[in-house]
Every structure is written in structure tokens, then in C-alpha cells.
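The values are calculated or read from the model by the stated rules, or taken from the named source; none is laboratory data. None of these values were measured; they are calculated from a predicted model. Neighbour counts are summed over all protein chains in view; Cβ atoms, including those assigned to glycine, are modelled from backbone coordinates with ideal geometry. These accessible areas exclude ligands, DNA and RNA; they are computed on the full protein's heavy atoms, side chains included. Shrake-Rupley method; radii C 1.70, N 1.55, O 1.52, S 1.80 Å.
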Amino acid sequence: GDILAYVQMKKYLALKNIADSELIISKIDSVFKPFTIAQLPIRQDFLVRYLIDRDTTQGSMSKLLTTAFTKVEDYIDRMPYDFRFIGSIAGVYSMKGKQMNDTLLIKKGEEYFRRALTFVPDRPDFKYGLALNLAYQKRYDEAFDVLDKIIEVDSNLADSYYYYGFVLYFQGEQNYRESLDSFEKSLNLKSDLLLKNEQDIKDIYSNFVKYF
């Protein structure tokens, strides 16, 4: 079993370096079968790291994304209590759904965040993901409610104000001033948020500059 898992991992790492996505599609099944201990890192990496920042809206890359989601669903069916995996994948569904304007993917992200939170109801990172997901769906009051409950427990968590700023920003220009205040509060509490989210903050602040 360990040898087979090692072989699968080697195949996967070699496959990731192939530029031709059609060629990857023709070979991808060999890294997913049979189900070994290597399947968690392979399936997670394939969706979370390999595909997350690529344009998966067309052609063979779209097929690869569909394959990745299928393999993720298969893993969750086999390992329904792996809340860390479920929570990390929820974020990918949300992000890809937002990028591709795909409501079904965003809804699936919400489902998985809520499922992960049934195992670990106090994990702030999953709650932040859920709040952002709800904001993507324009369910702003629900998003604020999630964040308010975190702040009630600990008012010094910088990320809470960071995501609060995001939800306010998504609501539109009428809330830009309040959004900016929230972002500033988060960065004052935790300056390394700027490095961690540099591009997002640059994009948002460039719009603030135009508005103000």
C-alpha cells in the first residue's frame, strides 16, 4: 500500500509539470486509482493549489476542474468526517464560484463550510469563509451575523474586522467609508494581514482612492 501510494504521488508530481492540459486529462486517472493514503494530499493539492489560480472557464482546463471536483466529492463520500479537508475545499468552491459566476459552486461552498462547522463550531477560519461565501450570495445580514458572533467572543481578532470590511465593500460605494475603517482596524491589530492579502488589499484600496 505504501509503495503504491508513493508511485501515485510521483506520477502526480510529474503530471503537474506537464503544460499540455489535454495530455494531463489523458493520464490523470492513473493518479487517482486505487484509493491509497496518497489520495488526500493529491486531491487536495490538485484542486487547492494546482487549479485555484488558473483560468478554468474553457476547454480542457474546464474539464480538469470538473475532474477535480468529482475526485473531491468521491473523497468526501469515503471520508465524511475529515472536517479539515471539507473546510479547505469549501473555500475553493466559494472562490471558483465567485470567479466563474457559478451560483451552484458557491452554494456547495456554503454547504461544506456548514458541514465542517458541525465538527468544529468554534473555528474562526471556517466562519470567515462562510461569511465571505454569504456575501458572495448577497446575503449580507447573514454574513454580518456570523462575524458579529465571532467578535462577541473575542473582539481582538483582526481577521474579523478584515472580513467585515470585505462584506461592507461588497455592498457598494455607500459603505466604502465604513469598509475602509474596518480594514484599517484589522491592519492596526495585525499588520501582517497586509502581506498575507496584499493583492486583494491593493485592489480594494485603489477603488477607495478613486471614490474618496
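Residue under question is GLU152, and the condition is that it be modelled with pLDDT of 95 or more, out of contact with any helix residue (DSSP H, G or I) (no Cβ under 9 Å at 6 or more places or on another chain) and either among the acidic types (Asp, Glu) or surrounded by 18 or more Cβ atoms within 10 Å (Cβ to Cβ) (or both); does it hold?
So GLU152 fits the description; yes.
Being modelled with pLDDT under 95 and of a type in the set (D, E, K, R) is the filter here; which residues of region 185-200 pass it?
Within region 185-200, LYS190, ASP192, LYS196, GLU198, ASP200 meet the criteria.
Within the bounds of region 154-168, is there any residue that is farther than 26 Å from MET79 by Cβ and of a type in the set (D, E, K, R)? Lay out the reasoning, then the answer.
If we filter region 154-168 for residues that are farther than 26 Å from MET79 by Cβ, which is where we start, we get 154-168.
Cutting the leftovers down to of a type in the set (D, E, K, R) gives us 154, 159.
Scanning region 154-168 turns up at least one residue that is farther than 26 Å from MET79 by Cβ and of a type in the set (D, E, K, R).
Are any residues in region 172-205 open to solvent by less than 50 Å² (accessible area, probe 1.4 Å) and either touching a helix residue (DSSP H, G or I) at 6+ places or on another chain (Cβ under 9 Å) or more than 19 Å from LYS138 (Cβ to Cβ) (or both), and if so, which ones? Write out each step before concluding.
Filtering region 172-205 down to residues open to solvent by less than 50 Å² (accessible area, probe 1.4 Å) leaves 172, 175-176, 179-180, 182-183, 186-187, 193, 197, 201, 204.
Matches in region 172-205: ASN175, TYR176, SER179, LEU180, SER182, PHE183, SER186, LEU187, LEU193, ASN197, ILE201, ILE204.
Give me the residue from region 125-142 that is open to solvent by less than 60 Å² (accessible area, probe 1.4 Å) and over 16 Å from the mean Cα position of the chain (by Cα) and, out of that set, nearest to TYR205 (Cα to Cα). Don't jump to the end; show me each part of the working.
Going residue by residue through region 125-142, those that are open to solvent by less than 60 Å² (accessible area, probe 1.4 Å) are 126-137, 139-140.
Among the residues that remain, those that are also over 16 Å from the mean Cα position of the chain (by Cα) are: 139-140.
Numbers: ARG139: 23, TYR140: 21 Å.
By that ranking, first place goes to TYR140.
Of all residues in region 59-73, how many are within 14 Å of LYS33 (Cα to Cα) and open to solvent by 40 Å² or more (accessible area, probe 1.4 Å)? Outline the logic, then answer.
Narrowing region 59-73 to residues within 14 Å of LYS33 (Cα to Cα): 67-68, 70-72.
When the remaining residues are screened for being open to solvent by 40 Å² or more (accessible area, probe 1.4 Å), the result is 70.
Residues flagged as within 14 Å of LYS33 (Cα to Cα) and open to solvent by 40 Å² or more (accessible area, probe 1.4 Å) within region 59-73 amount to 1.
State all residues of region 145-162 that are in a helix (DSSP H, G or I) and of a type in the set (D, E, K, R); if no residue qualifies, say none. Spell out how you get there, then give the answer.
Within region 145-162, the first condition is being in a helix (DSSP H, G or I), and the residues that meet it are 145-153, 158-162.
If the condition is that a residue be in a helix (DSSP H, G or I) and of a type in the set (D, E, K, R), then ASP145, ASP148, LYS149, GLU152, ASP159 are the ones that fit.
Check off (1) of a type outside the set (Phe, Trp, Tyr); (2) surrounded by fewer than 14 Cβ atoms within 10 Å (Cβ to Cβ); (3) farther than 28 Å from GLN58 by Cα for THR103 and give me the number that stays unchecked.
Result: THR103 fails condition (3) only.
Out of all the residues in region 155-168, which are of a type outside the set (A, V, I, L, M, F, W, C), closer than 16 Å to LEU193 by Cβ and over 19 Å from the mean Cα position of the chain (by Cα)?
The first filter runs over region 155-168 and keeps only residues of a type outside the set (A, V, I, L, M, F, W, C), leaving 155-156, 159-165.
Of the ones still in play, those that are also closer than 16 Å to LEU193 by Cβ are 156, 159-165.
Selection gives ASN156 alone.
Across region 1-28, what is the number of residues that are in contact (Cβ under 8 Å) with a residue 24 or more places away in the chain and assigned to a helix (DSSP H, G or I)?
So the first thing to find is which residues in region 1-28 are in contact (Cβ under 8 Å) with a residue 24 or more places away in the chain, and the list is 1-2, 4-6, 8-9, 12, 16, 21-22, 24-25, 28.
Right, trim to assigned to a helix (DSSP H, G or I) and you get 2, 4-6, 8-9, 12, 16, 21-22, 24-25.
Counting residues in region 1-28 that are in contact (Cβ under 8 Å) with a residue 24 or more places away in the chain and assigned to a helix (DSSP H, G or I) gives 12.
With the checklist (1) more than 18 Å from the chain's Cα centre (by Cα); (2) on the phi > 0 side of the Ramachandran plot; (3) at pLDDT 90 or above in hand, flag the one item ASP74 doesn't pass.
(2) is the only condition that ASP74 fails.
Conditions (1) at pLDDT 90 or above; (2) buried (at least 17 other Cβ atoms within 10 Å of the Cβ), marked per residue:
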{"site": "ASP2", "(1), (2)": "no, no"}
{"site": "LYS10", "(1), (2)": "yes, no"}
{"site": "VAL31", "(1), (2)": "yes, yes"}
{"site": "PHE46", "(1), (2)": "no, yes"}
